[in-house]
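Written below as structure tokens is the structure these notes are about.
The values are calculated or read from the model by the stated rules, or taken from the named source; none is laboratory data. Everything quoted here is computed from the prediction, not taken from an experiment. All Cβ positions, even for glycine, are placed from backbone atoms using ideal geometry, and neighbour counts span all protein chains on display. For accessibility, only protein heavy atoms count, side chains too; no ligands or nucleic acids. Shrake-Rupley method; radii C 1.70, N 1.55, O 1.52, S 1.80 Å.
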Amino acid sequence: MEKIDQIMAGDAALREGIAMLENLDDGAAIAAGNMVEAREKTNQQMLALLNKIIDKLEIN
């Protein structure tokens, strides 16, 4: 559960990075976009994992 909490808390760093986008050159902006996409995939996987946990515990 600690690792799940760490993953879910990772959004703060992403939000800080997005706030600095106006100062990025093209290459850095593309890298930031890739980071956002990767984080979204992680979030989707986290939701799937949490749904499985809920299903296993039969919490409704």
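When the accessible area of the chain is computed with all protein chains present and a 1.4 Å probe, what percentage of it is carbon and sulfur?
For the chain, the apolar C and S fraction of the accessible surface comes to 58 percent.
What's the magnitude of the charge dipole for the chain around its Cα centre, counting Lys and Arg as +1 and Asp and Glu as -1 at the beta-carbon? Answer in Debye, nearest 20.
Around 300 debye, computed over the chain.
With a 1.4 Å probe and all protein chains left in place, how much accessible area per residue does the chain have, in Å²?
Value returned for the chain: 84 Å² of accessible area per residue.
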